[in-house]
Amino acid sequence: MSERPRIAVVGSFNTDLLVRTPRMPLRGETILGGGYQTGPGGKGANQAVAAARLNADVTMVVSLGADDLGNRAEQNLVHEGIHPDYILRTDVTHTGVAFIIVDDGGENMIVVAPGANEVLSPEDVEAAREMIAASQVLLVQLEVPLETVACALRIAHEAGVRTLLNPAPGQTLSPDLLQLVDVLTPNETEAQIISGHAITGLTEAEAAARSLLDVGVGCVVVTLGGNGALIVSADGTRHIPGRHVEVVDTTGAGDAFSGALAVAIAEGRSIVDAVTFANAAAALQVTKVGTAPAMPYRPEVEAFLERGPTQSHSRARG
Ligand code: RIB
């Protein structure tokens, strides 16, 4: 595809307030942290930025507060090349905020105050119907109301647009909603919540994913952190190992993965190629601090992929 692939994102924006600590505090404990930084985040916006930096033509349907954080958010999204037509502002509540703690191992804990994300409505999505229908891929997450996500998925499904749901934060989902999803990208915890199957390794992850295929999901890609990702579809199961990198901060790695996967799928690449590309984007993202600002650009991902092939192990079905 010579044109830039068009991706519609319906999702959240949060201003991230991030503090580094040597370790996570215990319940009721106060500890002194280290470096502090604030920046643009939110799973929807992170994935939109990831896709835009990887050369997609991205339009985002998003709700921001009519406050200073909202002003800065809008400027940032526009600066990243995201079309502003559906950047909505509300004065009923504040711009979303996320409180993030990252320890020395690069692991994180996050609490989100959703604010304006909670008022993104199905009507807002209906107003973007034509834009969604003219996209190659719709990319959604679960930081905005479920009825809004369902509305976006329905519009895309009716228009024959490929749908990618990153089911984060994890919650149980109805079969009706799952049947609208072409590609689902849970991590192991989310796969466990959605499927109801306990996951302790690759075998259980595959069983959980297969139960979601039985409900009607097109393809499940379980992300495994540093271990890469497991593709489970009607064609079989394939593990694409992760790339070894120096981990600084894992926050937003799943967003880098889903944003990159959406781009590669919109470009018409095979699911194996798309997951290999997404693994590379996520690996590069964890080498930097922060969420959206740490998303890699296309030339970086391509150079990284050229530096070393990823081995893969496949298992035929049956
Ligand atoms: O996935 C990381 C994101 O989760 C952060 O940017 C934070 O805003 C929360 O939404």
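The values are calculated or read from the model by the stated rules, or taken from the named source; none is laboratory data. All figures in this text were calculated on a predicted structure; none of them were measured in a lab. Cβ placement follows ideal geometry from the backbone for every residue including glycine, while neighbour counts extend to all protein chains displayed.
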In the range 259-291, the residues that are within 14 Å of Leu164 (Cβ to Cβ), away from the ligand (no atom under 16 Å from the Cβ) and within 17 Å of the chain's Cα centre (by Cα): Val263, Ala264, Ile265, Ala266, Ile271, Ala274, Val275, Phe277
I'd like to know if the range 258-270 contains one or more residues that are of a type in the set (Asp, Glu) and surrounded by fewer than 22 Cβ atoms within 10 Å (Cβ to Cβ). yes
Members of the range 220-241 found to be surrounded by fewer than 19 Cβ atoms within 10 Å (Cβ to Cβ) and not in a loop (DSSP other than H, G, I, E, B), listed by number: Gly225, Gly226, Asn227, Ser233, Gly236
Do we have Asp214 as of a type outside the set (S, T, N, Q), crowded, with 18+ Cβ neighbours inside 10 Å and out of contact with any strand residue (DSSP E or B) (no Cβ under 8 Å at 6 or more places or on another chain) here? no
Name the residue, out of Thr148, Thr172, that is in a loop (DSSP other than H, G, I, E, B) and of a type in the set (Ser, Thr, Tyr). Thr172
Look through Val125, Val140, Val119, Val92 and report the one residue that is touching a residue at least 12 places away in the same chain (Cβ under 8 Å) and either among the polar types (S, T, N, Q) or within 14 Å of the ligand (Cβ to nearest atom) (or both). Val140
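This table checks each residue for (1) within 16 Å of the ligand (Cβ to nearest atom); (2) more than 15 Å from Gly96 (Cα to Cα); (3) aliphatic (A, V, I, L, M).
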{"position": "Val9", "(1), (2), (3)": "yes, yes, yes"}
{"position": "Ser12", "(1), (2), (3)": "yes, no, no"}
{"position": "Ala45", "(1), (2), (3)": "yes, no, yes"}
{"position": "Val49", "(1), (2), (3)": "yes, yes, yes"}
{"position": "Met60", "(1), (2), (3)": "yes, yes, yes"}
Any chance Leu18 is within 16 Å of the ligand (Cβ to nearest atom), in contact with a Lys or Arg (Cβ under 7 Å, 6 or more places away or on another chain) and not β-branched (Val, Ile, Thr): no
Single residue of the range 242-258 satisfying the filter (within 9 Å of the ligand (Cβ to nearest atom) and assigned to a loop (DSSP other than H, G, I, E, B)) that is farthest from Val102 (Cα to Cα): Gly252
Which one of Ile240, Ile231 is in contact with a Gly (Cβ under 8 Å, 6 or more places away or on another chain) and among the aliphatic types (A, V, I, L, M)? Ile240
Tally up the residues in the range 112-149 that are of a type in the set (A, V, I, L, M) and either over 17 Å from the mean Cα position of the chain (by Cα) or more than 27 Å from Arg72 (Cβ to Cβ) (or both), please. 13
Could you tell me which numbered condition Ala66 fails, if it satisfies all but one of (1) of a type in the set (A, V, I, L, M, F, W, C); (2) within 12 Å of the ligand (Cβ to nearest atom); (3) over 23 Å from Val140 (Cβ atoms)? (2)
Gly28 - would you say it is touching a helix residue (DSSP H, G or I) at 6+ places or on another chain (Cβ under 8 Å) and either modelled with pLDDT of 95 or more or loosely packed, with under 14 Cβ neighbours inside 10 Å (or both)? no
What pairs can you find where one residue is in the range 246-269 and without any contact (Cβ under 8 Å) to a residue 40 or more places away in the chain, the other is within 16 Å of the ligand (Cβ to nearest atom) and polar (S, T, N, Q), and their Cβ atoms are less than 6 Å apart, with a gap of 6+ or different chains? Ala253/Gln285
Members of the range 102-116 that are within 12 Å of the ligand (Cβ to nearest atom) and either in a strand (DSSP E or B) or touching a Lys or Arg at 6+ places or on another chain (Cβ under 6 Å) (or both): Val102, Asn108, Met109, Ile110, Val111, Val112, Ala113
Considering only the range 39-56, state which residues are surrounded by fewer than 24 Cβ atoms within 10 Å (Cβ to Cβ) and either more than 14 Å from Pro293 (Cβ to Cβ) or free of Cβ contacts under 8 Å to residues at least 60 places away in the same chain (or both). Asn55
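Residues checked against (1) aliphatic (A, V, I, L, M); (2) within 18 Å of Asp182 (Cα to Cα):
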| residue | (1), (2) |
| --- | --- |
| Leu212 | yes, yes |
| Gly218 | no, yes |
| Val222 | yes, yes |
| Asn227 | no, no |
| Ile231 | yes, yes |
| Asp235 | no, yes |
| Glu246 | no, no |
| Val286 | yes, no |
